[in-house]
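S.K.: Sharing a structure here in structure tokens format.
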Amino acid sequence: MQVKRVSIKKGFGGSLEEVVRNLLPTDTGYVEVQHDIAHKEHPTHTHPTDEILHILEGSVYFTADGETVLCEAGDRIFLPSETVHSSKAGPDGCVYVISILKN
């Protein structure tokens, strides 16, 4: 699956196992689970690959294309390669699965 543009879709839900199985690339790639403590910031950066982030617990303020969106448990962020973005975990931190899609 190639990600064409940044988009955020609400309300996916699912357990850790369901999300990992759903996001595990069928071709080449991998998933990882990440935990950010409350208010952890990831300054502006890019990635060389397409990524999909699925929020499992907590929340994160995600900024891309000049817009900041609050993403919460069950939300997915579709992030194309080389997109300039940043994030900041919410007050309860954030646990999320990242699907790394090899181009």
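The values are calculated or read from the model by the stated rules, or taken from the named source; none is laboratory data. Predicted, not measured: the structure shown is a model, and the values here were computed from it. Neighbour counts run over all protein chains shown; Cβ positions are idealised from the backbone, glycine included. These area figures cover heavy atoms from the full protein model, side chains too; ligands, DNA and RNA do not enter into them. Shrake-Rupley method; radii C 1.70, N 1.55, O 1.52, S 1.80 Å.
S.K.: What is the number of the single condition among (1) hydrophobic (A, V, I, L, M, F, W, C); (2) open to solvent by less than 40 Å² (accessible area, probe 1.4 Å); (3) assigned to a strand (DSSP E or B) that I8 does not meet?
M.R.: All conditions pass for I8, except number (2).
S.K.: Now, a different point. Does any residue of region 21-41 turn out to be free of Cβ contacts under 8 Å to residues at least 24 places away in the same chain and not polar (S, T, N, Q)?
M.R.: yes
S.K.: Scan region 39-63 residue by residue and report those that are farther than 20 Å from G29 by Cβ and of a type outside the set (S, T, N, Q).
M.R.: H39, K40, E41, H42, P43, E57, G58, V60, Y61, F62
S.K.: Keeping to region 86-97, report how many residues are surrounded by fewer than 18 Cβ atoms within 10 Å (Cβ to Cβ) and closer than 15 Å to H45 by Cβ.
M.R.: 1
S.K.: Now, a different point. Which residues, counting only those in region 11-46, are within 12 Å of the chain's Cα centre (by Cα) and exposed (fewer than 12 other Cβ atoms within 10 Å of the Cβ)?
M.R.: E32
S.K.: Looking at region 64-80, which of the residues that are open to solvent by 40 Å² or more (accessible area, probe 1.4 Å) and touching a residue at least 12 places away in the same chain (Cβ under 8 Å) is nearest to P25 (Cα to Cα)?
M.R.: A73
S.K.: Same structure, new question: Examine region 47-56 for a residue that is open to solvent by less than 30 Å² (accessible area, probe 1.4 Å), under 20 Å from R5 (Cα atoms), modelled with pLDDT of 95 or more and in contact with a His (Cβ under 7 Å, 6 or more places away or on another chain), and state whether such a residue exists.
M.R.: No, there is no match, as no residue in region 47-56 is open to solvent by less than 30 Å² (accessible area, probe 1.4 Å), under 20 Å from R5 (Cα atoms), modelled with pLDDT of 95 or more and in contact with a His (Cβ under 7 Å, 6 or more places away or on another chain).
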